[in-house]
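Down below is the structure, laid out as structure tokens.
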Amino acid sequence: MSRAALTHPVDGRFGAFGGQYVPETLMSALKELEDMWHEAKADPQFQLELAGHRRAFIGRPTPLYAATRLGEQYGGTHIHFKREDLCHTGAHKLNNAVGQALLAVRMGKKRIIAETGAGQHGVATATVCARFGLECTVYMGSEDMQRQSMNVRRMKLLGAKVVEVTSGTRTLKDATTEAIRDWVSNVRTTHYIIGSVVGPHPYPEMVRDLQRVIGDEAREQYLSLDGKLPDVVVACVGGGSNAIGIFTAFLDDRDVQLVGVEAAGKGIRTGEHAASLVGGRPGVLHGSYSYVLQDGDGQILPTHSISAGLDYPGVGPEHAFLRDIERVEYVAVTDKDALAAFRLCTRLEGIMPALEPSHAIHHAGVIAKELGPGGRILVCLSGRGDKDMDSVDGG
Amino acid sequence: MVAETSSRLENAVRAHGDLKLIAYIMAGHPSKKRSIEVGKRLAGTGIAALEIGIPHSDPLADGPIIQRAGQKALAAGTTVAGALEVAEAVAREGIPVVLMTYINPVLAYDPRKFAAEAAQAGVAGVIVPDLPIEEAEPVAGWLRSASLDTVFMVAPTTPPDRIATIASHSSGFVYCVTVTGITGVRRDLPEGIAELLAEVRKRTTLPVAAGFGISRQDHLKALRGKLDAAAVGSAIVDEIDRAGDGVSLVRELLKACGTGR
């Protein structure tokens, strides 16, 4: 089962999910991208260059950290964080942006576009564009621009043009739609750096390939502790790139339970959430077939999460596949619980997590109770929380 | 894949020394009643076919004008079932109606049910701009089984050998997207359009229609003789958005086609 999972996608699909539901205008660009990616991936020179940037620019490998005081609080569990918050620019997003920027340079495309929700992917993209001398335009919903104003300032300082998106829900979904429309219009000169394992093939595969470094490192680091693997690996899931990044290395370890944590917002029953796998059904959004939050007529629903990075009505098609073959379990955590975990982690560990992985930290506490003392949990700490100061009041 | 005999849509949009005009409206924009009224009026102008859009929350191929119309239609409560009723009311005028919809509303509605009900409503064909030929089945098969034409799109970025494949999946006509981009009103026709149309015509016996960015008499004059039909959308939708009905615009445009009544 998990062997099969690792060989996916087949013809651009993970089981029934994925595909290329885009206007004809983009089809030849997607074919070019797929060919170029497979060629680059197999090119030792490209891999060497990527490894160099990972080491010196991103700051990899990121550490594996024993969160002992949090573990005590959770009843004597061994909790480890994979510290993606220590990546340059503060989140795992740079792993993907660096790889895709190198690919854009290889393809001779000098203009880059990106969408962003929390602003972390926008900052990562603006950062690599500064580093590689590429023109950069970032699409961001006006609501997200308000709640993540610091990241807007960072992007502008880095030389990116930030385009405010006022259509629809004014968040990540609409920013992505706008970015795709830009790409349809400028596809000959422009590379679109999608920020997650979403979008049409080959994006879910390519972004996974660039993010799997998280899990590859973490698995090796974890084994070097005492030769054993964790019982459970937990990661938050919006589009799902940090989760795919850490899960991929463990897919064949059948004894390792994998858990993806979506945003339950104000509660699944209220309808104000962003949990596509827990509360959605299969459909097409942004070029791929996956689980989508939609009404009975196939219109995409507005979402809610306190964390802008999880506030998205779709999810990567590989997650949909992993859910359906029951290799990964998906759950959802509310705003309130995520905020509590944010505070707890900050106070006990001196590490301020982003609100996105705070969802995963909360659920690690839930699992810890199930496992009992001595349980072993690995959490992907996908980013740092400085950006969330405005969403987290005082106390 | 293509029907042995010419379909009603194919016959309607094929040029005979002239240029046919295809108009576009959004179902439910600004209301269901009004879109039926406008559709009927446009049907009487001498256009060859009417495209009726089904609104979608995330229209990847549409520019701001049609996107806004879609948002207004959704805000007015337009559903897929409601759009089919608009199509049925307008099709009763005898004009071939082509539904233009994104794939997700069709999937959510149930493609087989959608195909059956569209056929029942008298619809002639369906265009799904985010359904490239690779993803077309099984939905396109169900549409064809219901005797609906499946119109696929060719873009300026489509390689020549792929044009023939797209044409072979199409029936009714082949839709040639004139610009590398989304729908909208543009001042000039893009460069290279004549070459693209010639490439497409070489590779199909179906009528060829062009759309995206066509809105002016001089565009139509320049296109005449190079293809069978031109589709005008955003310019008409913009007039409807401003409480107009697009009829006088369409009549003006028809003068440049040589098919006006």
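The values are calculated or read from the model by the stated rules, or taken from the named source; none is laboratory data. Everything numeric here is computed off the predicted structure, so don't read it as measured data. Virtual Cβ from ideal backbone geometry, glycine too; neighbours counted across all protein chains shown. Side chains are part of the model used for accessible areas, which takes the heavy atoms of the whole protein and leaves out ligands, DNA and RNA. Shrake-Rupley method; radii C 1.70, N 1.55, O 1.52, S 1.80 Å.
Here are a few things to note about the model shown:
- Residue list for segment A:369-391, filter: among the small types (G, A, S) and surrounded by 24 or more Cβ atoms within 10 Å (Cβ to Cβ): A:S382, A:G383
- Hits in segment A:307-341 (condition: part of a helix (DSSP H, G or I) and either open to solvent by 10 Å² or more (accessible area, probe 1.4 Å) or charged (D, E, K, R) (or both)): A:G309, A:E318, A:F321, A:R323, A:D324, A:D335, A:K336, A:D337, A:L339, A:A340
- Test for A:D253: is it among the acidic types (D, E) and within 12 Å of another protein chain (Cβ to nearest Cβ): no
- When segment A:281-306 is filtered for residues that are open to solvent by less than 30 Å² (accessible area, probe 1.4 Å), in a loop (DSSP other than H, G, I, E, B) and at the interface with chain B (Cβ under 9 Å from one of its Cβ atoms), the ones remaining, listed by number, are A:H286, A:G287, A:D297, A:G298, A:Q299.
- Close Cβ contacts (under 6 Å, 6 or more residues apart or on different chains) running from residues in segment A:13-36 that are away from chain B (no Cβ under 12 Å) to residues that are in a strand (DSSP E or B) comprise A:F17/A:Y289; A:F17/A:S290.
- Segment A:243-272 residues that are more than 15 Å from A:A218 (Cβ to Cβ) and modelled with pLDDT under 95, paired with ones that are in a strand (DSSP E or B) and not aliphatic (A, V, I, L, M) (beta carbon under 7 Å, 6 or more apart): none
- Output for segment B:58-79, where each listed residue is assigned to a loop (DSSP other than H, G, I, E, B) and polar (S, T, N, Q): B:T78, B:T79
- The set of residues from segment B:60-81 being at the interface with chain A (Cβ under 9 Å from one of its Cβ atoms) and either open to solvent by less than 10 Å² (accessible area, probe 1.4 Å) or in contact with a Lys or Arg (Cβ under 6 Å, 6 or more places away or on another chain) (or both) comprises B:L60, B:A61, B:G63, B:V80.
- Cβ separations smaller than 8 Å between residues 6+ apart or across chains give the following pairs from segment B:204-224 residues that are over 20 Å from B:G181 (Cα atoms) to residues that are in a loop (DSSP other than H, G, I, E, B) and among the charged types (D, E, K, R): B:P207/B:R14; B:P207/B:D228; B:R224/B:D18.
- Remark: pairs (first residue in segment B:25-54, modelled with pLDDT of 95 or more; second residue aromatic (F, W, Y) and buried (at least 20 other Cβ atoms within 10 Å of the Cβ); Cβ separation under 8 Å; 6+ apart in sequence or on different chains) = B:L50/B:Y24; B:E51/B:Y24; B:I52/B:Y24; B:G53/B:Y24; B:I54/B:Y102.
- In the condition set (1) touching a strand residue (DSSP E or B) at 6+ places or on another chain (Cβ under 7 Å); (2) without any contact (Cβ under 8 Å) to a residue 40 or more places away in the chain; (3) not in a strand (DSSP E or B), A:V123 is compliant with all but (1).
- Scanning segment B:144-160 for residues that are away from chain A (no Cβ under 12 Å) and either open to solvent by less than 50 Å² (accessible area, probe 1.4 Å) or on the phi > 0 side of the Ramachandran plot (or both) turns up B:A146, B:S147, B:L148, B:D149, B:T150.
- One residue stands out among those in segment A:37-59 that are of a type in the set (K, R) and in contact (Cβ under 8 Å) with a residue 40 or more places away in the chain: the one that is nearest to A:V128 (Cα to Cα), which is A:R54.
- For segment B:229-258, the set of residues classified as open to solvent by 10 Å² or more (accessible area, probe 1.4 Å) and not in a helix (DSSP H, G or I) consists of B:G233, B:R242, B:A243, B:G244, B:D245, B:G258, listed by residue number.
- Segment B:94-142 - residue that is part of a strand (DSSP E or B) and without any contact (Cβ under 8 Å) to a residue 60 or more places away in the chain and, of those, farthest from the other protein chains (Cβ to nearest Cβ): B:V97
- Some residue of segment A:69-81 being open to solvent by less than 40 Å² (accessible area, probe 1.4 Å), at pLDDT 95 or above and part of a helix (DSSP H, G or I): yes
- Odd one out for A:R170, checked against (1) assigned to a helix (DSSP H, G or I); (2) surrounded by fewer than 21 Cβ atoms within 10 Å (Cβ to Cβ); (3) within 13 Å of chain B (Cβ to nearest Cβ); (4) in contact (Cβ under 8 Å) with a residue 12 or more places away in the chain: (1)
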